[in-house]
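Notes for the one structure printed next.
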Amino acid sequence: MSSIAPTSTYFDFRQALTAKKMTGLWRMMSDYRLAYAAANLSLAVSALAKMFTYLLLRNFADTILGDAVPFAGTLERTLIVIALGFVGLAIVEGGFTYFSGRLAAYSAEGITRRLRNFLFDHIQRLSFAYHSKTPTGDLIERVTSDVDSVRSFFNEQAIGIGRIVFLFVINFAAIWQLNWKLALASIVVIPIILIVSLWFFKKVTKAYEKYQEQEALLSTTLQENLTGVRVVKAFARQEYEKAKFEKDNWEKFLRGKAFLRMHSLFWPLSDIACGFQMLGGFIYAAILAIHGEITVGTYPAYVGLVVWLIWPMRNLGRIIVQTSTGLVSYGRLMEIVKQEREPLTEGRVQAQGPARGEIVFENVSFQYEDSSANVIKDVSFRVLPGQSVALLGSTGSGKTSLVNLLPRFHEYTDGHILLDGAELKDYPRQYLRSQIGIVEQEPFLFSRSIGENITYGVGRDVPQEEIEAAAQAAAIHEVILTFPDGYKTLVGEKGVTLSGGQRQRMAIARTLLKNPRILILDDSTSSVDTETEAEIRAALNRLMENRTTFIIAHRIQSVMNADLILVMDKGAVVQMGRHEELVAQDGMYRQIYEIQTRIDTELEDELAKVG
Ligand code: M5T
Ligand code: MG
């Protein structure tokens, strides 16, 4: 039972997708069915051993109390054989129970590990649109708590069914062999248990669904609160957040209580039913014994056996009810599994090698899935390879949305975008993303070392000199040297916290190293001081050489040298041209230019006075 090599465990859970949940769970068990069969077989052996123990008990009682002939000759010998038999059977029973437990745990953990690996990979392959509308906390909840309740299903319920059937059949046969009337009288309760447990199954399913929903909500609240802890503190809203959390938590408590109440109502009810069944059996067996229909030894044997006949019946009910939680969680997981992945490698244009970088927009319009109006309206322009385009415009005018169309984070809804003469939609996303480097508006860094963050986009071992060269070009090298472990310093919780400007420069270094043909700089100089901005601009100018560049900026200085400036307003391009042309025109660009120059001159005057 050694573990399977991690690489061999990939299992496409989309195969398991089916409308019927039980079928889905059965499919998920592939590769482990043999282990389950072995586990069930072990249980059968241990159940057999138990049954023989009671048959031996009958023999024991009949030999001592009754008038049975000692089967091993003398009474002492017979008793020794019986005693050894008890010990042997106990070892077999215990050993096989242990073995089946291990097999079940091994299989359940194996299936769950595969499931978790699959979900992780699947979730990171879903579209931007999916991620922007799905709360992170909800996804985390499903990948942890729901996966765990599916695991319990495989560890407990899936294995329990086999055990129940074996125990039932074996013990029923054993009692039948004692006396058939007694056997039939011992299972009267079955239909009652079945009906009651199916009724509870429905109730518990609903209650558990509600409970899991609320738990997901709670983990979303928690996750958001932690991510946004700065905002909470800055606005001193701890009390408000506390109250909100307590309210959600209270709701979870109520739903948990309702769910557990269902459970706790079912168990005693089924126990009472089983208790009556057992009592009835005892009385009936006593009557039979009095009338001489069964031997004296049969009575204690029956008493022992019937306990193990009732046990499976009672547990069948429990399993049916408990399975509901596994099924609910399975359903919640399949909601993720059935989401379409963003195809990465599909596309009619299978371009080889680097793109040239000519980009043409022809009447492009774009609308987010969940919004009603176009965010980009009828935009047309053309960039030659190596040229730079600057986007300028008020906040919310669609600049980020426009550049995000290039790596196909979202699909344009109208018009055409051509890259090197071919429709952008015909390129595989993977290719586009390998050709495009983005320095995001709010760059994200991983809680890994500085070095790992800078080499993130490269996917190979990068010599230290190359990393440092990139950092130098992004004007961050000196800063990194001041950290305790230099390039090995961890970023985030366990290491240094970087300032906004430092993060952006890290992102620039990361993109520099990737060496893309098309570069997108979203506001990448907005959160740095003037001096650093000058340094970065120099670095960026080097970075922009021979690459088609889209630069989004708010300052005229950052866009002045661009080959083409697009002035955007409410999703439309209202002015387009080079700096000189635009300044000469009456329009938004000149207004922005005049305001910014006036502010700059006033600032300089003030500084001169102070100086
Ligand atoms: C333009 C809307 C947003 C705004 C408009 C990212 C995103 C944006 N929008 C959505 O409806 N869904 C989304 O997922 O689109 O937004 P933008 O392109 O981000 O604007 P910008 O980059 O020009 O603004 P800024 O502030 O970065 O300068 O109405 O609601
Ligand atoms: Mg933006």
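The values are calculated or read from the model by the stated rules, or taken from the named source; none is laboratory data. What you see is a predicted model; the values in this text were computed from it and never measured. Cβ placement follows ideal geometry from the backbone for every residue including glycine, while neighbour counts extend to all protein chains displayed. Ligands, DNA and RNA are excluded from the accessible area calculation, which covers all protein heavy atoms including side chains. Shrake-Rupley method; radii C 1.70, N 1.55, O 1.52, S 1.80 Å.
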*Within region 366-394, considering residues that are under 19 Å from E342 (Cα atoms) and more than 8 Å from ligand 1 (Cβ to nearest atom), the one modelled with the lowest pLDDT*: E369
*Working carefully through the options I193, I161, I187, find the one that is hydrophobic (A, V, I, L, M, F, W, C) and not in a helix (DSSP H, G or I).*
I187
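Rundown of residues vs (1) without any contact (Cβ under 8 Å) to a residue 12 or more places away in the chain; (2) more than 16 Å from ligand 1 (Cβ to nearest atom); (3) farther than 30 Å from Q350 by Cα, yes/no style:
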| site | (1), (2), (3) |
| --- | --- |
| D420 | no, yes, no |
| L432 | no, yes, no |
| F444 | yes, no, yes |
| G451 | no, yes, yes |
| Y456 | no, yes, no |
| P463 | yes, yes, yes |
| A471 | no, yes, yes |
| G486 | no, yes, yes |
| L498 | no, yes, yes |
*asked:* Given the criterion more than 31 Å from the chain's Cα centre (by Cα) and modelled with pLDDT of 90 or more, identify the matching residue among V87, V81.
replied: V87
*Can you name the residue in region 548-571 that is open to solvent by less than 30 Å² (accessible area, probe 1.4 Å) and part of a loop (DSSP other than H, G, I, E, B) and, of all such residues, is nearest to ligand 2 (Cβ to nearest atom)?*
A553
_Hits in region 504-522 (condition: in contact (Cβ under 8 Å) with a residue 40 or more places away in the chain and closer than 22 Å to P463 by Cα)_ = M506, A507, I508, A509, R510, T511, L512, L513, K514, N515, P516, R517
*Within region 352-393, track down each residue that is open to solvent by 30 Å² or more (accessible area, probe 1.4 Å), in a strand (DSSP E or B) and among the polar types (S, T, N, Q).*
N363, S380
_Residues within region 128-161 that are more than 14 Å from the chain's Cα centre (by Cα) and within 30 Å of Y412 (Cβ to Cβ), tallied_ = 4
*Hey, does region 572-579 have a residue that's in the same structural domain as S397 (by TED's automatic domain parsing), surrounded by fewer than 19 Cβ atoms within 10 Å (Cβ to Cβ), at pLDDT below 90 and out of contact with any Ser or Thr (no Cβ under 9 Å at 6 or more places or on another chain)?*
no
*Hey, A174 among the small types (G, A, S) and open to solvent by 20 Å² or more (accessible area, probe 1.4 Å) or not*: no
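Conditions tested, residue by residue: (1) assigned to a loop (DSSP other than H, G, I, E, B); (2) at pLDDT below 90; (3) of a type in the set (A, V, I, L, M, F, W, C).
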| position | (1), (2), (3) |
| --- | --- |
| I320 | no, yes, yes |
| S324 | no, no, no |
| L327 | no, no, yes |
| M334 | no, no, yes |
*Conditions: (1) without any contact (Cβ under 8 Å) to a residue 60 or more places away in the chain; (2) within 25 Å of the chain's Cα centre (by Cα); (3) within 16 Å of ligand 2 (Cβ to nearest atom). F409 meets all but one. Number of the miss?*
(1)
*asked:* Please count how many residues of region 395-412 are of a type in the set (S, T, Y) and either more than 7 Å from ligand 1 (Cβ to nearest atom) or under 15 Å from V360 (Cα atoms) (or both).
replied: 1
